[in-house]
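For reference, the structure is listed below as structure tokens.
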Amino acid sequence: MGNLDLLLEGFSNALTAQNLLYGLLGTFLGTLVGVLPGIGPALAIALLLPVTLSVDPTSALIMFAAVFYGAMYGGSTTSILLNTPGEAGSVITSVEGHKMARNGRAGAALTTAALGSFVAGLIATIMLAAAAPALAELALKVQPAGYVALIVFAFATVGTLLGSSRVRGLVSLSVGLIFGLVGADQQTGINRLSFGIQEATDGLEVIVVIISFFALGEVIYYASRFQDKSWQVLPVKGKVWMDREDFRRSWKPWLRGTAIGFPMGIIPAGGSEIPTFISYSAEKKLSKHKDEFGNGAIEGVAGPEAANNANAAGVLVPLLALGLPTSATAAIMLVAIRNFNIQPGPMLFEMNAPLVWTLIASLFIGNTLLLLINLPLIRIWIQLLHIPRHYLYAGITTFGLLGAYSLNNSTFDLRLAFVLGFVGYLFRRFGIPNTPLVLGVILGPVVEIQFRQAVQLSNGDYSILVSGLLPKVIYLTLILVLFAPALMKLVKGKAGQGLRK
Amino acid sequence: MIKVTRAVLAEAIFALAFLLLGSFVLYDAFTLEEPGVYSVVSPKTFELIIGFFTTFVALLLIIQVLRGKLGIAEGTEAGAAQLRPDIKTMSILLASILIHIVLLEPAGYIAAASLTFFGVAYAFGSRKFLKDILISFVFAVVVYFVFSKGLRIFLPDGIFENLLGLAREVEG
């Protein structure tokens with residue numbers, strides 16, 4: 001069967017009344033949780049994971065795809081109306097979007113974000129359907145040493161390119177790797193770092209780690225900086241829809257944003273904010289309304305929002321084809337998919353073809369449902385922003401604890417969440433990003449398996465790790481990526497000094 | 001030398017704790033029992049790599065702190081991070097989480113979740129007691145009902161579950 005037939009079959013699996021209902025529920029919950037300030041897509045998905053525990057795999061995947069796009073979209077609403085972006089990918093949206101809302105054009109900003117997300121999601125999912133199986137086929141030829149190189153590349157880029165400080169990214173990564181070590185070794189059963197605690201020998205539950213750092217840590221941080229001032233939510237005045245002029249100015253940024261966001265999602269370049277920044281500066285350069293930038297230019301919302309969504313879909317390509325998540329959101333998707341005993345990676349398209357194509361079909365469905373449910377309901381979502389802060393944090397805390405407990409019905413996980421939540425607070429306090437940690441916990445054990453397989457293949461000769469074309473190319477690229485900015489700075493700095501003289 | 005402020009001291013302690021973590025991983029790796037089964041790469045190898053890596057990163061962090069490059073929490077303006085943490089709010093919040101952990105299994109989900117919800121709302125400055133008690137309880141009951149009855153996800157039964165007649169039948 002060709003891929004198109006498989007996709008159509010995926011659609012026929014996904015499009016049952018029951019599944020559509022789960023899809024609607026997922027869109028609703030995803031948007032609901034995503035709109036709530038302080039909750040980005042990654043946490044939204046982690047919090048909603050327990051909801052899917054008792055649902056059958058197909059319905060759960062559809063619900064998940066819907067939650068995924070819903071949370072992405074919900075986040076942009078918050079950043080436009082509240083100017084406190086929940087996640088890095090929406091930072092740029094809030095620059096122009098919040099200005100538009102101030103000028104009484106919140107409706108147009110929200111609509112261009114919604115339509116842009118839809119268009120980008122649609123195109124990017126088509127590209128995903130084409131690229132992922134092709135990449136998976138290529139990936140079948142990748143040797144363990146190649147995998148080790150790929151993961152090291154992902155670690156290095158995500159660890160050092162995110163956030164303001166390289167060292168702090170690496171701090172996060174190493175804590176994640178240490179968490180990944182805890183428990184019985186997969187091959188020999190020897191316990192590492194488990195302090196003789198029975199529950200710890202099974203390893204730390206990834207979702208508990210995520211909930212602790214993203215939900216509890218964040219709430220503790222807000223508590224530490226508690227000042228009794230409330231948010232100012234900007235009202236949506238006038239019409240919600242955008243006019244012909246808005247549309248004329250938006251469609252090109254949507255397409256350009258998609259073209260920038262999708263490929264940058266595929267390469268593990270780290271972080272969804274980079275494509276949004278690139279899209280923003282591209283729109284600023286190309287715009288005929290340069291003077292409006294900084295004062296609420298619609299292109300500055302349309303482009304980055306499309307880039308953000310296309311990037312999120314692009315990240316699913318290495319996730320499905322290689323089992324390699326490169327963002328926190330993708331990492332949680334990986335955990336969610338694994339929960340159904342499905343292992344993403346090159347074999348996925350052969351072993352679980354019906355299910356993976358159902359997932360891809362679900363992404364199309366989720367994306368469409370989102371448009372149908374969000375535009376008409378926009379005014380209801382906005383009401384969510386008026387929830388008093390103390391109830392919001394109370395809800396996040398209680399729900400986070402529920403998520404931590406219900407994975408294994410164990411109070412050990414709750415105690416763990418308490419301790420890790422405090423560590424998460426310290427991370428937040430000292431400006432240490434969370435994403436490298438999540439990748440470390442999830443990919444640490446994976447890289448160990450590949451590392452061992454590689455060295456076993458060569459009978460203990462470690463030089464196998466850098467032999468072969470793929471590892472060599474990857475490590476060389478890595479060196480270039482890591483040291484090029486420093487070199488550029490050096491050259492520029494010298495040039496600057498020359499000028500000053 | 002840099003001026004030793006509270007912020008520098010706090011971050012220095014954090015960096016040292018991180019160094020300690022790295023050393024501990026190394027200690028754990030060196031004292032690991034030998035595997036009974038033969039494997040080309042022992043579980044020690046990877047732990048050693050991570051331990052050395054962590055220690056190395058910790059040293060880099062300490063150097064940064066000593067050079068006065070402090071971490072700034074994302075989303076805050078420079079200087080804002082130097083604010084003293086609000087210990088009172090934090091303590092009430094942490095206590096509310098602890099209550100949940102202690103009470104969940106003996107007292108049931110509704111009791112534990114109501115108290116946590118109420119406590120966190122209180123920590124964040126809400127003083128409308130009656131309204132808060134009502135909202136906390138309704139929130140807990142709704143969550144219990146949706147998860148336990150609707151999604152059939154296990155949540156411990158206790159005081160209120162029995163009172164409301166919601167507790168699941170004891171089998172056997």
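Descriptive notes on the structure:
- Per-residue 3J(HN,Hα) values for segment A:372-387, derived from phi via the Karplus relation 6.51 cos²θ - 1.76 cosθ + 1.60 with θ = phi - 60°, read 5, 8, 7, 4, x, 9, 3, 5, 5, 4, 4, 4, 4, 5, 8, 4 Hz in sequence order (x marks Gly and Pro).
- With a Förster radius of 30 Å applied to the C-beta separation of B:GLU33 and A:ILE479, the computed FRET efficiency comes to 0.20.
- Among the trypsin sites (Lys or Arg not before Pro) within segment B:85-161, those in coil by DSSP and having at most 13 neighbouring Cβ atoms inside 10 Å are B:ARG127, B:LYS128, B:ARG152.
- Sum of -39500 (n - 2.57) over DSSP H runs of 4+, divided by residues of chain B (222 nm, nearest 500): -21000 deg cm²/dmol
- Using the Karplus relation 6.51 cos²θ - 1.76 cosθ + 1.60 with θ = phi - 60°, the per-residue 3J(HN,Hα) values for segment A:109-120 come to 5, 5, 5, 5, 5, 5, 5, x, 4, 5, 4, 4 Hz, with x marking Gly and Pro.
- From helices alone, chain A scores -24500 deg cm²/dmol at 222 nm; the rule is -39500 (n - 2.57) for each run of n ≥ 4 DSSP H residues, then divide by the residue total.
- Directionally averaged shadow of chain B, computed from the convex hull of its alpha-carbon atoms, nm²: 17.8 nm²
- Between amide H atoms placed 1.01 Å from N, distances below 5 Å from A:ARG192 occur with A:GLY183, A:ALA184, A:ASP185, all of them 5 or more places distant or on a separate chain.
- Over 27 Å between alpha carbons, listed pairs A:LYS285/B:LYS69; B:LYS88/B:LYS128; A:LYS285/A:LYS472; A:LYS141/B:LYS44; A:LYS141/A:LYS472: A:LYS285/B:LYS69; A:LYS285/A:LYS472; A:LYS141/B:LYS44
- Chain A, Rg to Rh (Cα coordinates; Rh as Kirkwood inverse mean 1/r): 0.96
- Set of aspartates and glutamates near B:LYS3 by C-alpha distance (under 18 Å), chain-local residues within fewer than 8 positions excluded: B:GLU11
- Surface accessible to a 1.4 Å probe, A:ARG338 within the full protein complex, Å²: 80 Å²
- Candidate residues A:MET488, A:MET72, A:MET264: accessible-area rank, largest first, probe 1.4 Å: A:MET488, A:MET264, A:MET72
- Residue order by solvent-accessible surface for A:THR16, A:THR435, B:THR116, B:THR31 is B:THR31, A:THR16, A:THR435, B:THR116, largest first, with ligands and nucleic acids left out and a 1.4 Å probe.
- Neighbourhood charge, 10 Å Cβ-Cβ cut-off, centred on A:PHE430 and excluding it, Lys, Arg +1 and Asp, Glu -1: +2
- GNM flexibility winner over chain B from B:SER96, B:SER39, B:SER114 (Cα, springs under 10 Å): B:SER39
- Radius, Kirkwood style, for segment A:1-159 when every pair of distinct Cα atoms is counted (Å): 17.8 Å
- A dipole drawn for the protein assembly as shown from +1 and -1 charges on Cβ atoms has a positive end, and of A:SER458, B:LEU48, A:PRO253 the residue lying farthest that way is A:PRO253.
- From phi via Karplus (6.51, -1.76, 1.60), per-residue ³J(HN,Hα) for segment A:423-431 in Hz, x at Gly/Pro: 4, x, 4, 4, 4, 4, 4, 9, x
- Across chain A, C-alpha contacts under 8 Å between residues 6 or more apart give a mean separation that, scaled by the residue count, equals a relative contact order of 28 percent.
The values are calculated or read from the model by the stated rules, or taken from the named source; none is laboratory data. Given the structure is predicted, the values throughout are model-derived calculations rather than measurements. When we count neighbours, we look across all protein chains shown, and the Cβ atoms used for this are built from the backbone with ideal geometry, even at glycine. For accessibility, only protein heavy atoms count, side chains too; no ligands or nucleic acids. Shrake-Rupley method; radii C 1.70, N 1.55, O 1.52, S 1.80 Å.
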